[in-house]
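Q: What follows is a single structure, and I will ask about it in a moment.
The values are calculated or read from the model by the stated rules, or taken from the named source; none is laboratory data. Keep in mind that what you see is a predicted model, and the values were worked out from it rather than measured. So basically every Cβ, Gly included, is an ideal-geometry build from the backbone, and we count neighbours across all protein chains shown. The area values use the complete protein model at the heavy-atom level, side chains included, leaving out ligands, DNA and RNA. Shrake-Rupley method; radii C 1.70, N 1.55, O 1.52, S 1.80 Å.
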Amino acid sequence: MVKPKEIIKSRRRTIALVIDSDGELIVRAPFYATNYDISRFIEEKENWIWEKSLEARKRMANRPNLTLQEGETISFLGKECVIHRGFVKKVYHDEDSFLLPDTEDAKEKLIAWYKKQAAHILKERVSCYAEQMAVEPCGVRITSAKTRWGSCSYNNHLNFSWRLIMCPLEVVDYVVVHELCHIYHKDHSKSFWNNVSKVDGAYIEHEKWLKDNQRLMDIV
Ligand SMILES: [Zn+2]
């Protein structure tokens, strides 16, 4: 029988099975469900579990995760930069390459470098577009979010994932404009998109670019 990784009991009324991104089984069950109930339920759905688990594992294996090896590339503002490893202590970047330390903390240092650039670039773009659009955000924060490029809180704090600066600048600008528009419209209504289109005439293209390149979010 398939062994669940986790059994989560709550006030729900039925048993549900979930396959997580690693292909492992998570069971959600009511407080009163016994181990016997749960194993019978799992047995009944065994074929489904195997099938979904295999799919999830395949997805994981196909994910093009960067290992930051010599010769791999990583994007900065839409430009693919070749990674070199060498006897250096910090991250060096020029137009189309990165030189990273040949030590285990290279990834950490590269992410720190990206975050610093993200803070610098995004603050500048936000203040530029905020002025143009006559809106006043409360502040800009750089996050490590893997599920959203940007967001605007109810009190108009803007958050951006550092991963956004892997995208071309025009796409970065689109996300900035999108979040700034949320200061007036907290939804994605017609008037929201109207406002976006006034500042970014190519917003549909930029939105599509983000959808097509979503894997960038999970690359490092
Ligand atoms: Zn939005």
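Q: Give the range 120-152 a look and list any residue that's free of Cβ contacts under 8 Å to residues at least 24 places away in the same chain, touching a strand residue (DSSP E or B) at 6+ places or on another chain (Cβ under 9 Å) and assigned to a helix (DSSP H, G or I), or say none.
A: Passing the criteria: Lys123, Ser127.
Q: Separate question: Tell me, please, whether a residue that is at pLDDT 90 or above, among the hydrophobic types (A, V, I, L, M, F, W, C) and surrounded by 13 or more Cβ atoms within 10 Å (Cβ to Cβ) can be found in the range 56-67.
A: Checking the range 56-67: not a single residue is at pLDDT 90 or above, among the hydrophobic types (A, V, I, L, M, F, W, C) and surrounded by 13 or more Cβ atoms within 10 Å (Cβ to Cβ).
Q: Answer yes or no: is there a residue in the range 171-178 that is of a type in the set (A, V, I, L, M, F, W, C), in a loop (DSSP other than H, G, I, E, B) and modelled with pLDDT of 95 or more.
A: no
Q: Separate question: Given the residues Trp149, Trp162, Trp209, which is the only one that is within 11 Å of the ligand (Cβ to nearest atom) and either at pLDDT 95 or above or open to solvent by 60 Å² or more (accessible area, probe 1.4 Å) (or both)?
A: Selected residue: Trp149, the only one of Trp149, Trp162, Trp209 that is within 11 Å of the ligand (Cβ to nearest atom) and either at pLDDT 95 or above or open to solvent by 60 Å² or more (accessible area, probe 1.4 Å) (or both).
Q: Taking the range 63-88, which residues are of a type in the set (A, V, I, L, M, F, W, C), in a strand (DSSP E or B) and farther than 10 Å from Ile219 by Cα?
A: Residues satisfying the conditions are Phe76, Cys81, Val82, Ile83.
Q: Can you tell me which residue among Val172, Val177 is buried (at least 17 other Cβ atoms within 10 Å of the Cβ) and more than 14 Å from the ligand (Cβ to nearest atom)?
A: From the options Val172, Val177, the qualifying one is Val172.
Q: Right, Trp193: buried (at least 20 other Cβ atoms within 10 Å of the Cβ) and either within 16 Å of the ligand (Cβ to nearest atom) or of a type outside the set (Asp, Glu) (or both) or not?
A: So Trp193 fails the test.
Q: Cβ contacts < 7 Å: first residue farther than 27 Å from Asp173 by Cβ, restricted to the range 66-79; second residue open to solvent by 60 Å² or more (accessible area, probe 1.4 Å), any location; separation 6+ or different chain. Result?
A: Sorted first by the residue in the range 66-79, then by its partner, the pairs are Leu68/Lys107; Glu70/His84; Glu70/Arg85.
Q: Within the range 106-114, does at least one residue satisfy the condition of being part of a loop (DSSP other than H, G, I, E, B), surrounded by fewer than 12 Cβ atoms within 10 Å (Cβ to Cβ) and away from the ligand (no atom under 16 Å from the Cβ)?
A: Within the range 106-114 (the criterion being part of a loop (DSSP other than H, G, I, E, B), surrounded by fewer than 12 Cβ atoms within 10 Å (Cβ to Cβ) and away from the ligand (no atom under 16 Å from the Cβ)), the answer is no, since none of the residues qualifies.
Q: Restricting the range 134-146 to residues that are of a type outside the set (Ser, Thr, Tyr) and either within 15 Å of the ligand (Cβ to nearest atom) or within 17 Å of Ala118 (Cβ to Cβ) (or both), which is most open to solvent (accessible area, probe 1.4 Å)?
A: Arg141
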